[in-house]
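A short worksheet on the structure shown next.
The values are calculated or read from the model by the stated rules, or taken from the named source; none is laboratory data. Predicted model only: the values in this text are computed from it and were never measured. Here the Cβ is made from the backbone with ideal geometry for all residues, glycine too, and neighbour counts use every protein chain on show. For the accessible areas, the whole protein counts, side chains as well, though only heavy atoms, and no ligand, DNA or RNA atoms are used. Shrake-Rupley method; radii C 1.70, N 1.55, O 1.52, S 1.80 Å.
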Amino acid sequence: MEIVDTEKEKREIIQRYRKLLRLAKPILKDDDAKVIKKAFNTSLRAHEGMRRRSGEPYVYHPLAVAQIAAEEIGLGTTSIVAALLHDVVEDTDIHIEEIERDFGHKVAQIIDGLTKISGVFDYGTSQQAENFRKMILTLSDDVRVILIKLADRLHNMRTLDSMPREKQLKIASETIYLYAPLAHRLGLYVIKSELEDLYLKYTDRETYDFIAEKIKETKAARDKFIKDFISPIERELKKANLDFVVKGRPKSIFSIWNKMKKQNIPFEEVYDLFAIRIIVDTSLENEKTACWKVYSIVTDFYKPNPDRLRDWISTPKTNGYESLHTTVMSKSGQWVEVQIRTTRMDEIAEKGYAAHWKYKEHSGAGQSGLERWITKVRELIEQADSSALEFVDDFRQNLFNEEVFVFTPKGELKILPYGATTLDFAFEIHSQIGMHCLGAKVNQKLVPLSYILKNGDQIEILTSSKQRPSEDWLKFVVSSKARTRIKDSLKEEKKKIAAEGKDIVIRKLSQLKMDLNNENLNQLLIHFNIKTPLELYYNVAKGTIDPKDIKKFTEVKELKKQEKKEQTESRTIIQEPSRKVGGTDSNMLLIGDNMDKIDYKLAKCCNPIPGDDVFGFVTVNEGIKIHRTNCPNAIELMSNYGYRVVKAKWTSQKELAFLAGLKITGVDRVGIINDITKVISTELKVNIRSITIDTNDGMFEGNIMLFVHDTKHLDKLIMKLAKVGDVINVRRIDSAN
Ligand code: MN
């Protein structure tokens, strides 16, 4: 054990505390400093002797969270006090009543909120979802609870290094699943980007390092480009007597990675690696004029792309974001995004909500977008009759969406998520109008329910009392409100139909002199391979299951047992070839805390091979499944079922082969497929399992599933294939479909 210099540590604690006070100074009033000091002392005493996993004194954590709250989010004294005390009630002997007595009702309420939404993550799926739901509920009580929670999460992500691997994966996944979208929705762009980058760092270190290195390498060239681009504009701006600064920061590592992945392009081809930001300092009355003045100067020098003009000044985004965006053609033939805004707008863009508050008193504008959003969240929570898990899912979907602005026949503005249809609009007006919506007139023209709304559309909904929600409707609504309402209504409908089905089942069973008891019901479910009784009754009522077959059920009851046995056997047989060739030798992986050699299967969604960063996932029926940490399903598995994740590591490999997928694109010419397969099977002696080729307008795209030893082997193959003439791109894919 390391020997701790307690004197040195004490000095360090005091230093960190002083730094916090210094940062908070501009906002301190009256006795604020005293209250913060009291909170610091309480926290220090309560956490005395406790250490973080890294070995540091625990109090570093609340101090850091308070500092993030003050410095990076711009929160005030109440939040700083709450942040300092945020883990006290949960982790120490201090009761919430004492906090209330010493620090007042508001602080106690925030800490109570924080305590309630923490710590439940480890148990089960529904509990965890319930926990998320609780967290979102607190939004409508006091947004500061969420903001401090975000500060807490940010510090935990920054110090994730000292956590064991499976915890890192779980915490990182939760972060990308819920916290980053929340930060985005609250307009905390800087924090959102950092959370996303840290997620990538801890789940896919190689990619993270690769992109970070590329950004560094290209910095000099980028700086020069920005300088050349901006210099004529700068002269004109000065002539116009504008007070301004220019920034040219690259995009976050995570968003570059997303671009590369989505468009399947290398780093070099991400054209909007950075945006140029021109920030003007001007009085509130002159903001709009000043921004458009800058726009006019920029477009005097560079031609704008008319499709890419975004005016978030006249209509701010619902999270409060205001800015003028244009994309212009530079002299070197490269499109460049230019963002124009004022100092005030920039602060809101970076710090979001809190900064927004600071300016709110001046603006005098009515209910801001963010407040409108919080009202909407509250409505959603109050209405939702769905399970917690569904709720969180629907809610998440809404987090990422941008908005579309449309109008009612009377000209009232409604803001809906991007991609919303007439049906979403109908539900937005009123649930009853949604339920009976038949179609709509958009800008006087008749359109169907599924019509996707465009900015500025004016919509008149047509209803019919005979109309009812159907399963299809779920395919074209995007708003949580509409989804929830439709699902609820379908469930009701289904229950009604199922009730009829249940009667039929009971009747049939009684003809066979049997009761509808649990045992029989279970066997019926197994017999028809159906998950829930509701589903069974529903299918019977609908006729998808012939009531006559229920009669047969007793006859096959015995047979079924045998059949089941055979089925499991045949399943292993199917697995066999890939076992032999693919060799899921249980010695290949070490699993769990003790790194045992346990039996496992490789997940088909991402086909891991030795060398990949992997984790184990305990499934209900199929033992442990191994996924890649960058598997498309990983985030959901780890954030929702974190308690089922076990760590897994490859051991030294034998000469075994594993299934992996490649996507090859290139120019279609005679003999190219032959060239490719020759490299694969003749030169590298790799076995191909399947190959599908699509050609289109002189281009071809091939998906090849093949057996390789490990990532090194695969990388070598990718390199060789990339060198085949007319091949443009080769990359690994998760699975064949
Ligand atoms: Mn904490």
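Do the conditions hold for Q67, that is, is it modelled with pLDDT of 90 or more, closer than 27 Å to I27 by Cβ and polar (S, T, N, Q)?
In short, yes.
In region 79-94, what residues are at pLDDT 90 or above and open to solvent by 40 Å² or more (accessible area, probe 1.4 Å)?
none
Looking at this structure, is A275 within 17 Å of Q334 (Cβ to Cβ) and open to solvent by 50 Å² or more (accessible area, probe 1.4 Å)?
Judged against the criteria, A275 is not a match.
When you go through (1) surrounded by 17 or more Cβ atoms within 10 Å (Cβ to Cβ); (2) in contact (Cβ under 8 Å) with a residue 40 or more places away in the chain one by one for D488, which number turns out not to apply?
It fails just one condition, (1).
Could you count how many residues in region 182-192 are in a helix (DSSP H, G or I) and touching a residue at least 24 places away in the same chain (Cβ under 8 Å)? Walk me through it before giving the result.
Kept after step one, since they are in a helix (DSSP H, G or I), are these residues of region 182-192: 182-185, 189-192.
When the remaining residues are screened for being touching a residue at least 24 places away in the same chain (Cβ under 8 Å), the result is 182-185, 189-191.
Selection size over region 182-192: 7.
I'd like to check which helices (runs of 4 or more DSSP H) are fully inside region 48-119 and have at least 1 residues that are touching a Lys or Arg at 6+ places or on another chain (Cβ under 9 Å) and more than 16 Å from the ligand (Cβ to nearest atom).
Of the helices (runs of 4 or more DSSP H) lying wholly inside region 48-119, those with at least 1 residues that are touching a Lys or Arg at 6+ places or on another chain (Cβ under 9 Å) and more than 16 Å from the ligand (Cβ to nearest atom) span 77-84, 96-103, 105-116.
Scan region 28-49 residue by residue and report those that are open to solvent by less than 80 Å² (accessible area, probe 1.4 Å) and either hydroxyl-bearing (S, T, Y) or modelled with pLDDT under 90 (or both).
L28, D32, T42, S43, G49
Name the one entry in I506, I526 that is open to solvent by 70 Å² or more (accessible area, probe 1.4 Å), touching a Leu at 6+ places or on another chain (Cβ under 6 Å) and either in a helix (DSSP H, G or I) or at pLDDT below 80 (or both). Full working, then the answer.
On the way: I526 fails: touching a Leu at 6+ places or on another chain (Cβ under 6 Å).
When all the criteria are applied, what remains is I506.
Note down all Cβ pairs under 6 Å where the first residue falls in region 152-181 and is closer than 24 Å to V59 by Cα, the second is open to solvent by 10 Å² or more (accessible area, probe 1.4 Å) and within 13 Å of the ligand (Cβ to nearest atom), and they're at least six residues apart or on different chains.
H155/A64; S162/R53; Y179/R153
Before we move on, is L717 under 28 Å from V614 (Cβ atoms), part of a helix (DSSP H, G or I) and open to solvent by less than 50 Å² (accessible area, probe 1.4 Å)?
Yes.
Any idea which residue in region 141-197 is nearest to F617 (Cα to Cα), counting only those that are of a type in the set (V, I, T) and within 16 Å of the ligand (Cβ to nearest atom)? Even if it seems obvious, please write down each step before you answer.
Initial filter on region 141-197 (of a type in the set (V, I, T)): 143, 145-146, 148, 159, 171, 175-176, 190-191.
Right, trim to within 16 Å of the ligand (Cβ to nearest atom) and you get 145-146, 148, 159, 171, 175, 191.
Details: V145: 32, I146: 30, I148: 32, T159: 25, I171: 16, T175: 19, I191: 30 Å.
Residue satisfying both the conditions and the ranking: I171.
Filter region 684-702 down to the residues that are open to solvent by 50 Å² or more (accessible area, probe 1.4 Å), within 23 Å of K716 (Cβ to Cβ) and outside any strand (DSSP E or B) and list them by number.
K685
Scan (1) at pLDDT 90 or above; (2) more than 14 Å from the ligand (Cβ to nearest atom); (3) among the β-branched types (V, I, T); (4) open to solvent by 20 Å² or more (accessible area, probe 1.4 Å) for the single condition T125 breaks and write down its number.
All conditions pass for T125, except number (1).
Answer yes or no: is there a residue in region 212-219 that is more than 19 Å from Q67 (Cβ to Cβ), assigned to a helix (DSSP H, G or I), open to solvent by less than 20 Å² (accessible area, probe 1.4 Å) and not assigned by TED's automatic domain parsing to the domain that holds L114.
No: zero hits.
Can you list residue pairs whose Cβ atoms sit under 9 Å apart, with the first residue in region 678-691 being under 16 Å from L656 (Cα atoms) and the second being at pLDDT below 80 and open to solvent by less than 70 Å² (accessible area, probe 1.4 Å)? Count only pairs 6 or more apart in sequence or on different chains.
Partner pairs satisfying both residue conditions: V686/A657; N687/V581; N687/A657; R689/S578; R689/V581; R689/A736.
In the list L188, L195, L182, L200, which residue meets the criterion of being within 16 Å of the chain's Cα centre (by Cα), within 27 Å of A290 (Cβ to Cβ) and open to solvent by less than 20 Å² (accessible area, probe 1.4 Å)?
Of the residues listed, the single one that is within 16 Å of the chain's Cα centre (by Cα), within 27 Å of A290 (Cβ to Cβ) and open to solvent by less than 20 Å² (accessible area, probe 1.4 Å) is L188.
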